[in-house]
1. Can you give the accessible area per residue of chain A, in Å², using a 1.4 Å probe?
2. Mind ranking A:171-182, A:494-505, A:106-117, A:681-692 by how tightly packed they are, going by the mean number of other C-beta atoms within 10 angstrom, highest first?
3. Let me know the charge dipole size of segment A:185-298 about its Cα centre in debye, to the nearest 20, where only the beta-carbon of Lys, Arg (+1) and Asp, Glu (-1) is charged.
4. Sorted by average packing, counted as other Cβ atoms within 10 angstrom per residue and highest first, what order do A:304-316, A:212-224, A:863-875, A:804-816 take?
5. I'd like the interface area for chains B and A: accessible area of each alone minus the complex, both sides summed, 1.4 Å probe, protein heavy atoms only. What is it in Å² to the nearest 100?
6. Report the FRET efficiency, 1/(1 + (r/R0)^6), for A:D599 and A:L797, where r is their Cβ-Cβ distance and R0 is 41 Å, rounded to 0.05.
7. Distance check, please: which entries in A:K158/A:K251; A:K220/A:K444; A:K251/A:K436; A:K251/A:K296 exceed 30 angstrom between their Cα atoms?
8. Please report the carbon-and-sulfur percent of the accessible area for the protein assembly as shown; probe 1.4 Å, protein heavy atoms only, DNA, RNA and ligands left out.
Amino acid sequence: MTLLWIALLPLLGVLVPAFGAGLRRRECSLATAALPALALLLMLAEVPALLDGETLRFAVDWIPSLGLELAFRLDGLSLLFNLLILGIGLLILLYAHFYLDPDEPYGRFYAYLILFMASMVGIAMADNLLLLWVFWELTSLSSFLLIGFWSHRSDARKGARMALTVTGAGGLALLAGFLLLGDIVGSYELDTVLASGETIVADPRYPLTLALVLLGAFAKSAQFPFHFWLPHAMAAPTPVSAYLHSATMVKAGIFLMARLHPALSGSELWTLTVSLVGMTTMLYGAWFALMKTDLKGILAFSTVSHLGLITVLLGIGSPMAVLAALFHIINHATFKAALFMGAGIIDHEAGTRELSRLGGLRRAMPLTAVLTTITGAAMAGVPLFNGFLSKEMLFAETLTSPVLGGLSWLMPVLATAGGVLSVAYSLRLVHAVFFKAPTQEPPKTPHEPPRLMSAPMALLATLCVLVGVFPSALAGGLLDLASRAVLLAPLDFHLALWHGINLPLAMSAVALVAGAGLYAAHAYLRRFLRGFKPVDARLVFEAGVQRAGNRAEALLKRLDNASLQRYMGLLLLVSLIFVALGLGKMPSLAGEAPQRPVDGILLTGAALLMFSGLATVVTHRYRLISLLMLSMVGLLVSLTFARFSAPDLALTQLSVEVVTIILLMLALFFLPQRTPRESSLPRSLRDTVLAGALGMTVASLNYAVLTRSNASISDFFLDNSVSGGGGHNVVNVILVDFRGFDTLGEITVLAIAGLAIFKLLNRLRLFMPHSDTEGRLWCPDRYPMILTTISQTLLPLALLVSAFIFLRGHNLPGGGFIAGLITAVALILLLIARGVEWAQARLDFPYQPVAIAGVGLATLTGLGSWLFDRPFLTSAFGHFQLPLIGEFELATALIFDLGVYLAVVGATLMILANLGKVTTLHRPVKDAHSPATSGKEKR
Amino acid sequence: MESLYAITTGVLSACGFYLILRGRTFPVVMGLTLLSYAVNLFLFSMGGLTTHGATIIDGKTSYADPLPQALVLTAIVIGFAMTAFAVILAMRARGDMGNDHVDGGRNREDREETRR
């Protein structure tokens, strides 16, 4: 349980500064530090148990089906890293308290920082690969926030984006690697994975797994060739750099390599890849550290170089090399954090980080000068400081490890070269800032920072010296625990300052002397190198990102040219291909059922239908004629339904046809009367071929279905219609009862379409032609007498018919849909004959509520069945006896059908009457002087 | 009879497809209407073609398949709503963009036509 708290407390700590925005700076800093400090104490309390050789564990299931569990462990390695993460984190907090300007949003900054700290603790303590990965990604995200903290600065934004891209991409590779690893081992539990090193190395997927995991680790730890993000992350505030690039973020990759060392390292592939990449990184980083003129730039590249050093040691992989790697992790964290803090102090107090503008600061800032010199010496590997010890161990290991076979002598040579460079840049850093005579005045008059701001740095510098002098006493125990966790076995070792005169000592001496010489010759070297063009990694990266974006855009433009015609063409083509492929698989198109004979009526009907369809197409440029042809198609379809025993459909089709054609004619009034000829001949031909081919597939499909006898589920409906639904008209019973839920959905769609059209017509401004295409004015006789009279006479009759059709619908052809359409047609006829104003004065009700009430009534009928503990839309019916009229039947389905009726009437009128209103408002009148009165004019 | 029916459906849908591929809104709307007729006929025939059948339970033995009928009935009404929406959208597009090209009319002929 303690383990959970150690991991959880920093995470909870994120909330403290986030909600403590009202606190003053001092209180806010203290409150923020409280929870991580508590976590640190809790962890220290567990150390005795660790010393007994235990590994502490805590686990609860999170997503068992994925193998993900909330599992934490505390072993030596976790302890080492947690000490760095929490310990240095607290020092950074103290430092940041003084570093940030008072007007900066410190609460936000602390929240990001603690979030980052919590995710690092999570990585160090995760006992499950997937959980580790989750925290891994969390560090990428929170470091993005931290690096981009000064979001008003372009370099901060770009640096943050670059870091996120590189480490995030590495994270994805890592996830793939973890999944493979879990697949090979069969578990994501760390213990199982670590114990099955031999299985993993023997698996054929090992090279891929290793490559993916290393990709993630290298990207995170800024190993060559992914090193370029790190220097650009220096755009972050200095406390962030000091934290991320000394103890935490970049160490995550190192941690991962150390953590998975037992599982992955047992192969030549590991040794070669890791040690060579590390060596390249070490030399590359050291060289550029020497070339940089920006303080933080030097430190950034030296970080890259030291990470390379640790990687080399992990790559060599012998027990002593691992020990040296762990030792250097501690040493590097202490001196590099202190150096970054020093750079921040100089930047803060002198106003610049450029070496050329600094110099002679030892008089103004004596304490900072001493501390920087100590930590700089540790970085250079000067004896008596901690860096010296781990570097000597590196030299010793490169001498004894046969990594490169016959070329193994290269390793110590290259390591010494790295040592030379490291001495040179450390010397330059210290000398140029504090001891060289200044050539320019810095922007601010430099002075010592507040005492407490130097305190973290002083503490770390003291540690550098103490560890350097008494390594065994101060670091021995911790290293023993950590190496046991990595090597899975106790290691017998002895840390000491003096090993006698031997080859590593000679290498150190060479490094020191040659490094000093290199620094002396540094000016000449720079002059010589001026001939080479520097490559700015950021420009290369940004150009790469830009290029990827451009490529994607170009590809998108080719696919998506905003042409509906092309989309439709492609869509139809693809569907044609797939249907054709399916048809091609059929053994024969015709089924076993025999064809029935054709009579004259059928033939005539089919001929007329095809003729009117083709005529619609041929005349489509003359829109009114084409529309008339289309109405013929509709009528013939209605007759087809009647011919093939579907009276309900015929009635529906007929009334819908009337409404559709009226609607299209109204719309045509506002649209051009002719379609210009614009399709080129090849295009028309192409469309003809495509449409023809599609028509043929439709016909083939239809024929294939029609010639096969099919087992239908309709017998159920036929059998149960009367007994279950209380109706004799099976179609209507299906609509209002068996499939009532579908119908409810459909009338909802209808109502929504009506509302959408109402909205589309809102404030529509349209070009109004005053004459037809031939130049003839519209007929001035607006409301013809005969039409007016007939429509008025017809209305009550039509309403009566619709009531009749509605009521009989359950037992005979009819029902809510048809009745609603008939009512709508009658009302629309009146609107046409009399105009919208006249009708509205007499039929004063809005249409939208009618449609919505219809949907609501149908829904309520469905809900009503819940009152009787029945499922939604269960219907009930009964037979009643009334005097004079006799027995009749009532079903709740009738109420549902009433809802359908209302929805259809409301939606149809909403569509047509609203369109009609647009017409009336803009209608051209004979008397152009009185347009306002035209609507009320009666004839 | 079956082949005649299938050919008719095929011809109607081919006409619909051709019109859908046109460049102006009104023919496209008509194409949609035509296509919905064809689709309705197609769906309707899924229950087989019944002559002199019934969907009213009155003791007769020959029944037409009622299920496709019920489905097509709602399809007809929804098809009307869709056509209405498409044509009003076409009007709106013309009102807002000044032409009735399906792509919003970015080539010169459209602009000339609008000016006329």
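The values are calculated or read from the model by the stated rules, or taken from the named source; none is laboratory data. Computed from a predicted structure; not experimentally measured. Positions of Cβ are backbone-derived with ideal geometry, glycine not excepted, and every protein chain shown enters the neighbour counts. Heavy atoms of the whole protein, side chains included, go into the accessibility calculation; ligands, DNA and RNA do not. Shrake-Rupley method; radii C 1.70, N 1.55, O 1.52, S 1.80 Å.
1. Working: 40740 Å² over 939 residues.
Heavy-atom SASA per residue in chain A reads 43 Å².
2. The densest-packed peptide leads the list: A:106-117, A:171-182, A:681-692, A:494-505.
3. Numbers: 6 positive and 6 negative charges, 92 e Å.
About 440 debye.
4. A:304-316, A:212-224, A:804-816, A:863-875
5. 8600
6. 0.70
7. A:K220/A:K444; A:K251/A:K436
8. 68
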